[in-house]
Amino acid sequence: MNPLAISIFIMSLAIGTTITISSHHWLLAWIGLEINTLALIPMMTKNPHPRAIEAATKYFLTQATASALVLFSALINAWQTGEWTITTLLNPSSTSLSIALMMKLGLAPLHFWMPEVLQGIPLLPGLILSTWQKIAPMTLMLQISQLINLELMIFIGLISILVGGWGGINQTQLRKIMAFSSIGHLGWMLIILKFNPQLTLLSFTLYLFMTSAMFLSLIVSNTTKMQDISTTFTKIPVLTSFMMLILLSLAGLPPLTGFIPKLLITMELMKQNAIILASTIMFLSLLALFFYIRLTYILTLTLSPNTSYSTSLWYFKTKINFLISPITSFALFIFPLSPSLLLLM
């Protein structure tokens with residue numbers, strides 16, 4: 001794709017997200033969401049493959065439906081209250097708006113577009129879809145968190161954690177596994193959103209780092225299927241070892257970064273006397289732990305001493321992205337800083 005076109009699309013993504021984050025008016029927030037959607041679709045279809053066209057069409061229809069519901073709910077709320085302010089919401093409008101934002105985030109049971117779209121597009125647009133495109137809807141969710149029905153958020157969060165674990169168990173495509181991983185992580189954030197929005201913001205920030213590190217590793221190693229990662233160690237041994245640690249971090253195992261949100265969310269639920277809810281989400285997260293451990297097991301089977309000593313040129317053709325080192329460090333080694341991060345939030 002033309003570098004000028006790519007720069008325009010990336011600038012449009014930044015402008016759309018900035019408009020949504022900084023707006024106090026529902027119409028401006030809706031405009032920012034639309035700019036985000038329209039800027040990503042050309043990047044999805046830069047390779048004119050039928051699978052990519054299908055994925056872009058599904059993405060456009062889903063996002064258009066959610067945007068229409070956002071605009072309709074904002075209009076109804078403005079008609080009832082006389083205001084377009086984001087934090088001024090009545091009950092029917094707040095429920096429909098939250099459902100529309102959950103559809104944009106890909107939360108269950110409105111998640112059906114997410115794995116199919118992510119599977120049909122290249123890895124770089126997949127990285128943007130899994131990270132950057134979730135910033136604007138999550139910002140709106142944080143602003144209206146105290147106006148959303150608690151039972152609805154807990155129900156959607158539990159279903160998302162269940163679907164995120166159950167759906168990823170039988171997958172062999174890494175992009176679909178990352179899609180279900182995203183659904184599961186967002187379920188954890190949604191459950192704690194009403195109790196502690198700052199903790200949701202911290203969990204979302206750490207999710208962005210971990211998912212970005214995993215996608216960048218997949219981009220560098222050019223792997224999209226589970227069988228592909230069994231040959232990556234001979235090409236990029238150091239990155240393959242870090243990829244294994246990133247998977248364990250996504251699984252939420254200590255002492256890696258991914259353990260921070262699970263620990264803090266569980267502690268917050270215990271403070272709120274929601275012991276049964278905390279136990280339920282921990283048991284449901286064991287489903288996701290299974291496919292993370294399975295991927296880690298496949299990676300460990302290919303570690304040294306099974307190293308190939310071939311001097312072929314393909315061994316030296318891998319280009320390492322300069323963003324991988326800092327993002328991987330954040331995705332793995334922030335756990336000792338968790339008290340400072342909590343105080344900062």
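Counting only protein heavy atoms and using a 1.4 Å probe, the accessible area of LYS262 comes to about 30 Å². Quick check: net charge around LYS194, other residues with Cβ under 12 Å of its Cβ, Lys/Arg +1 and Asp/Glu -1? With Lys, Arg at +1 and Asp, Glu at -1, the net is -2. The separation of region 186-211 from region 1-67, counted between C-alpha centres, amounts to 23 Å.
In the chain the Cα-Cα distances spread across 20 Å bins starting at 0 as 30, 59, 11, 0 percent of all pairs.
Note on LYS134: aspartates and glutamates with a C-alpha under 15 Å away, same-chain residues under 8 apart excluded, are GLU34. Count Lys and Arg as plus one, Asp and Glu as minus one, and take only other residues whose Cβ is under 13 Å from that of ASP228; the net charge is then +3.
Of the DSSP H helices in the chain, those with a Cα length along their own long axis of 20 Å or more and a mean Kyte-Doolittle hydropathy reaching 1.6 comprise 3-22, 150-166, 237-251, 275-301. For the options SER203, SER212, SER279, a Gaussian network treatment of the chain with springs between C-alpha atoms closer than 10 Å singles out SER279 as fluctuating the most. Taking every alpha-carbon pair under 8 Å whose residues sit at least 6 apart, the chain reaches a relative contact order of 15 percent. Overall shape of region 1-86 was characterised from the C-alpha gyration tensor. The equivalent ellipsoid obtained from it has semi-axes of 29, 16, 5 Å, in decreasing order.
Measure up LYS58/LYS235; LYS104/LYS235; LYS176/LYS235; LYS58/LYS262; LYS46/LYS225 against 27 Å on the Cα-Cα distance and list the ones that go over.
LYS58/LYS235; LYS104/LYS235; LYS58/LYS262
The Rg/Rh ratio for region 1-148, using Cα coordinates for both the radius of gyration and the Kirkwood hydrodynamic radius, is 0.99.
Fully extending the segment from ILE276 to THR231 would add 11.9 nm, taking 0.36 nm per residue of separation and subtracting the current Cα-Cα distance.
A protection proxy built from the mean count of other Cβ atoms within 10 Å ranks the segments 334-344, 86-96, most packed first, as 86-96, 334-344.
Computed with a 1.4 Å probe on the full set of protein chains, the accessible area for TYR292 sits at about 10 Å². Taking all protein chains as shown and a probe of 1.4 angstrom, TRP113 keeps an accessible surface of around 20 Å². Near ILE53, once Lys and Arg are set to +1 and Asp and Glu to -1 for all other residues with Cβ below 15 Å from its Cβ, the sum equals +1.
Take every pair of alpha-carbon atoms less than 8 Å apart whose residues are at least six positions apart; their mean separation over the length of region 35-107 yields a relative contact order of 29 percent. Taking PRO115, PRO125, PRO254 as the candidate residues, the one with maximal mean-square fluctuation in a Gaussian network model of the chain, Cα springs under 10 Å, is PRO254.
Beyond 27 Å, what share of the Cα-Cα pairs of region 183-344 remains, rounded to the nearest whole percent? Beyond 27 Å sits 30 percent of the P(r) for region 183-344.
The values are calculated or read from the model by the stated rules, or taken from the named source; none is laboratory data. Note that this is a predicted model, so its numbers are computed, not measured. Ideal geometry is used to build each Cβ from the backbone, glycine not excepted, and the neighbour counts take in all protein chains shown. Areas reflect the complete protein model, heavy atoms only, side chains present, ligands, DNA and RNA absent. Shrake-Rupley method; radii C 1.70, N 1.55, O 1.52, S 1.80 Å.
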